[in-house]
Amino acid sequence: MSRPAVPGFLRHLWLLWGLRFDIGLNRGPGRSRLLAVGAFLASSAPGFFLGLFFFALMRLRPVAESDVWPYFILNLLCFVTFSVWVTWPLLSAGVDDHSELSRYAAFPISPWRLLIASTVASLFEPRALVFYAPLTGAALGYASVYRLTAPWLAVVLYVLFALLCAAWSRVALYAVINVLREKRSAEIMGGGLVAFLVAASFIPPIDTSWLTAVGEAGVGALDMSLIINAAVALGRVPPGFFGDGLGQLAWGRPRVALVEAAGLFFFAAVGMAVAYALLLRFHRQAGRAGSQGKDSGDANPFARTRTRFSTLVTREALDLWRNPRARLLASVPFILAILLKLLSGRDLFVYLLGHSADAWLMGGLCIYGAVVIASTFSQNTFGYDGQGFAVFLAAPMDLADVLRAKNRVQAGGALGMAVLVGLFYRVYFGFGTEVDLLCAMAAVVALLPVLLAAGNFLSLYFPVKFHASLKRRDKVPLTASMLGILAASAGCMPFGWALKLAGKEGPTWQTAAMIALCAGLNVALYRGLLPLALRLLEQRREVVLQAVTRE
């Protein structure tokens with residue numbers, strides 16, 4: 001009997017796309033393919049409008065007739081797109097997927113081919129279509145205004161730029177999951193955050209004095225040499241090779257554009273090599289015990305718990321504290337705050353929002369910190385602790401207490417995170433009043449009941465398996481993600497409305513009282529919906545157990 005032929009690269013790519021499609025949309029027997037495709041298209045729809053906007057911007061007469069602005073916009077979008085792709089694994093803690101080597105261990109595919117197929121497949125996910133849309137629209141608008149010498153070379157530059165972003169995104173992703181696999185991941189991330197803070201303190205802030213000149217005399221007062229220098233500097237880094245290459249084609253220099261295409265290919269290849277090394281290192285360690293919390297020695301954390309409910313709360317708090325993903329999420333708001341100061345972002349917000357700038361920034365960072373902690377775990381509250389739900393079902397206890405304990409710990413962790421972020425902002429930036437801080441905390445209190453209520457129902461109707469070892473984590477269904485985003489948006493509305501009414505004069509005590517009143521209403525809404533969630537938990541306990549313990 002002859003040995004079956006090894007599938008080709010395109011076949012592997014097709015199988016990988018199919019796997020991601022099924023896992024990402026939680027498709028299974030009886031699920032509608034048409035509904036899954038519709039959800040995919042709906043989540044990609046914002047990219048279409050972003051592309052149209054930047055296409056129209058490049059064709060706008062003041063921009064199209066300028067020799068500087070089109071080149072600057074292209075290079076800036078190249079840098080922003082690359083930066084978003086590379087930092088996305090950190091900003092979203094996206095360590096739940098892309099570890100296909102363990103899934104395909106028994107398949108006839110080499111790790112190198114799998115890495116390439118996985119990288120190419122990532123370019124056609126909904127978030128990729130949204131991320132690349134602004135640059136795609138701007139590039140098409142640029143090509144429609146300026147005659148390119150070799151249009152085929154522009155297509156090659158675009159493809160190589162996309163591969164560059166995907167490759168270095170893989171480097172960041174595998175670096176993150178390698179850190180999370182380490183037993184001292186908390187110390188590594190904490191030390192890295194301190195080192196980043198110290199290093200950022202030695203970098204001079206960006207000069208934003210031009211904002212005052214523009215505000216007083218209009219755009220005409222802007223020194224164009226600043227824009228020219230920025231455009232040239234952005235075009236000299238690898239992500240800017242695409243924008244500069246289009247400029248060279250418009251200026252009739254295809255040889256220079258060809259050299260920049262070679263540069264894109266070189267740096268993309270370097271990124272793939274580094275990502276491959278990091279991926280192999282991760283999977284060499286995958287057979288070892290995962291990142292575990294330290295043994296407490298003779299100290300027993302449950303020795304002082306007097307009731308069964310307090311024991312459950314302690315157990316959930318320890319699970320959350322030892323969760324590698326929670327450690328990663330906890331560092332993100334602080335990194336964003338450091339970057340904001342390093343890039344002089346506060347000055348831009350002061351220019352746009354006046355005295356309300358600190359309230360918006362502090363509240364935004366606090367809300368973000370609360371959202372990434374609360375929504376990440378509340379939307380899969382029965383699966384993020386591995387086999388924990390099976391233990392609860394086998395134990396002589398009421399599942400209602402389990403859900404209440406989980407909600408209490410998730411709310412406490414998110415609120416504690418928001419308090420730390422608010423205090424860090426006040427100390428690090430040196431700005432922000434008591435009213436600003438109070439508005440930020442009230443906004444978080446208004447947000448958490450909505451997130452927890454939505455998370456309870458999403459956990460019951462969209463349960464998924466999270467593997468604590470980080471060998472493989474199933475993705476939260478796209479429908480659940482979209483509903484979670486809607487819930488977070490609804491929870492943020494009181495804060496947004498109150499500050500919008502405050503205008504540029506800044507929030508007052510009445511603004512804080514308005515947000516606090518909405519927080520009270522949201523707490524009442526959560527308490528009213530909790531009994532329904534508890535009844536559904538009893539009805540769907542076997543469905544949830546089967547989903548979160550499947551292999």
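Here Arg346 sits with roughly 40 square angstrom of accessible surface, probe radius 1.4 Å. Mind giving me the FRET efficiency for Arg61 and Met482? R0 is 51 Å, r the Cβ-Cβ distance, nearest 0.05 is fine. Calculated transfer efficiency: 0.85. Using only alpha-carbon positions in segment 334-462, the gyration tensor eigenvalues give semi-axes of 36, 13, 12 Å once each is multiplied by 5 and square-rooted (largest first). Given a Förster distance of 35 angstrom, what is the FRET efficiency for Phe429 paired with Arg236, based on the Cβ-Cβ distance and rounded to 0.05? Calculated transfer efficiency: 0.65. Heavy-atom accessible area for Leu226, with the other protein chains in place and a 1.4 Å probe, reaches approximately 80 Å². When each of the peptides 43-53, 75-85 is scored by the mean number of other C-beta atoms lying within 10 Å of its residues, the order from highest to lowest reads 75-85, 43-53. Between Val419, Leu517, Leu458, the Cα set farthest toward the positive side of the dipole of segment 398-540 (charges on each charged residue's Cβ, about the Cα centre) is that of Leu458. Given a 1.4 Å probe and the protein chains as shown, Lys504 ends up with an accessible area of around 120 Å². Annotation: amide H-H contacts under 5 Å for Thr149 (H modelled 1.01 Å from N, sequence separation of 5 or more, or interchain): Ala250, Gly252.
The values are calculated or read from the model by the stated rules, or taken from the named source; none is laboratory data. No experiment lies behind these values; they were computed from the predicted model shown. All Cβ positions, even for glycine, are placed from backbone atoms using ideal geometry, and neighbour counts span all protein chains on display. Each accessible area value is taken on the protein alone, full model and side chains, heavy atoms only, with ligands, DNA and RNA left out. Shrake-Rupley method; radii C 1.70, N 1.55, O 1.52, S 1.80 Å.
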